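S.K.: Dumping the structure here so I can ask a few things about it.
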Amino acid sequence: MKEFKNAVELLTLCTEKNLPISEIMRQREIILGETTAEDVDARMARVLEIMKDAAFSPVKKPVKSMGGLIGGEAKKLSLHQTSGKSICGNLLDDAITYAMATLETNASMGLIVASPTAGSAGIVPGLLLAVQKHYHFSDEQIQQALFNAGAIGYLAMRNATVAGAVGGCQAETGIAAAMAASAATELLGGTSKQCTYAASTVLMNMLGLVCDPVGGLVEYPCQNRNAAGVANALVAAEMALAGITQLIPLDEMINVMYTVGKKLPAELRETALGGCATAPSACKSCHMCS
């Protein structure tokens, strides 16, 4: 199978092989990794296992972060949902809860899957695990969808960045949400083209988001932005599945995101020297400047 370097080439392969994005990416892993299908599938099964534990454990047993800025938020969301007072709907409620829980796991030195980074690790599992719960997909189907997410992440890493220090939070939670939106779109019956529309929509909606972690820690506002990112991904998938197209294709949107990210001042690219990190209340809470 030919290598793909951008979304146009990826979609061409999907058409030529009559395969979804997920299977194109899965076969790429087998061929370029010079390994077997069984090994690739086993590794992805392990990825899903880690994602589940990171997303579910803090809901049952809240954990405090190493920096002390977050901990227990996922449990609060879960209790709010079961109280019957939720306004988001059960699927989005679960997605937000799992996303925030994963960040609690990460910030307490637990095991997570960087998807594509630790600071954005809640978005892909948050959405896919919620979709699995409400649409009763098997683990094997979710594992396949993760290959789709991986393809979008690969395109971003090859042609732009997923590092907050380079492109701001739009490059971390933005790409993570694009990955989640594309994977969910395929999982729910969307075409490969619709997957790229969903990913492009997300990047458009999160364009310009800065990276400003309080105290330089991957805790706050990172956890909140994972919640916002998973909601954005769900909106984008819904739009794509409804047949809404995008004027700006994914390749161009990735380039736009990268260009905007490089124009962000250093203070807004993970240095904790601007944005939320410099708010008086944030400085008082983190004790890093005293």
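Throughout, read-outs are computed from the coordinates displayed, never taken from laboratory work. No experiment lies behind these values; they were computed from the predicted model shown. For neighbour counting, all protein chains shown are included, and Cβ atoms are generated from backbone atoms with ideal geometry for every residue, glycine included.
S.K.: Using only Cα atoms, figure out Rg for the stretch 7-274 and give it as a multiple of 2.2 N^0.38 Å.
M.R.: Ratio of Rg to 2.2 N^0.38 Å for the stretch 7-274: 0.94.
S.K.: Something else about it: If you put +1 on each Lys and Arg Cβ and -1 on each Asp and Glu Cβ, how big is the dipole of the chain around its Cα centre, in Debye rounded to 20?
M.R.: With Lys and Arg at +1 and Asp and Glu at -1, about 680 debye.
S.K.: Going by average Cβ density within 10 Å per residue, which order do the peptides 270-283, 17-30 take, highest to lowest? Walk me through the numbers before you get to the answer.
M.R.: On the way: 270-283: 16.9, 17-30: 19.6.
Packing proxy ranking, top to bottom: 17-30, 270-283.
S.K.: Taking 26 Å as the cut-off for C-alpha to C-alpha distance, list the pairs among Lys52/Lys75; Lys17/Lys133; Lys5/Lys262; Lys85/Lys133 that go past it.
M.R.: Lys17/Lys133
S.K.: Report the calculated FRET efficiency for Thr191 and Met66 (r = Cβ-Cβ distance, R0 = 35 Å), to the nearest 0.05.
M.R.: Working from the Cβ atoms, E equals 0.20.
S.K.: A further question on this structure: Can you compute 3J(HN,Hα) from phi for each residue in the stretch 82-87, using the Karplus curve 6.51 cos²θ - 1.76 cosθ + 1.60 with θ = phi - 60°, rounded to whole Hz and x for Gly and Pro?
M.R.: Along the stretch 82-87, the couplings run 5, 6, x, 9, 5, 10 Hz.
S.K.: Oh, and also: Using +1 at the Cβ of each Lys and Arg and -1 at the Cβ of each Asp and Glu in the chain, identify which of Cys169, Met179, Leu268 lies farthest towards the dipole's positive end.
M.R.: In the chain, that residue is Leu268.
S.K.: Output wanted: per-residue J couplings in Hz (rounded whole) for the stretch 156-167, from phi through Karplus 6.51 cos²θ - 1.76 cosθ + 1.60, θ = phi - 60°, x for Gly and Pro.
M.R.: Listing the rounded values in order: 5, 5, 6, 10, 8, 7, 10, 9, x, 5, 9, x Hz.
S.K.: Compute log10 of I(q)/I(0) for the stretch 222-290 with the Debye formula, placing one identical point scatterer on every Cα and leaving out solvent, at q = 0.12, 0.21, 0.29 Å⁻¹, to two decimals.
M.R.: Cα-only, vacuum Debye calculation for the stretch 222-290: -0.54, -1.03, -1.19.
S.K.: Give a residue-ordered list of calculated ³J(HN,Hα) values for the stretch 24-39 (Karplus: 6.51 cos²θ - 1.76 cosθ + 1.60, θ = phi - 60°; whole Hz; x for Gly, Pro).
M.R.: With the stated coefficients, the stretch 24-39 comes to 4, 5, 4, 5, 4, 4, 5, 6, 6, x, 6, 9, 9, 4, 4, 5 Hz.
S.K.: For Lys85 and Thr35, what does the FRET efficiency come to when R0 = 45 Å and r is the distance between their Cβ atoms, rounded to the nearest 0.05?
M.R.: Plugging the Cβ-Cβ distance into 1/(1 + (r/R0)^6) gives 0.40.
S.K.: OK, next. For the pair Met157 and Lys263, how long in nm is the line joining their label points, each one 7 Å along Cα→Cβ?
M.R.: 2.8 nm
S.K.: Another one. Using only alpha carbons, build the gyration tensor for the stretch 12-110 and give me the equivalent ellipsoid semi-axes, biggest first, whole Å.
M.R.: 35, 19, 10
S.K.: Additional query: Output the 0 to 90 degree angle, nearest 10, between the alpha-carbon long axis of helix 169-187 and the longest principal axis computed from the alpha carbons of the chain.
M.R.: Helix 169-187 sits at roughly 40 degrees to that axis.
S.K.: Further question on the same structure: Could you calculate the contour length gain from Asp139 to Ile248, that is, 0.36 nm times the residue separation minus the distance between their Cα atoms, to one decimal place in nm?
M.R.: Between Asp139 and Ile248, full extension yields 35.9 nm more.
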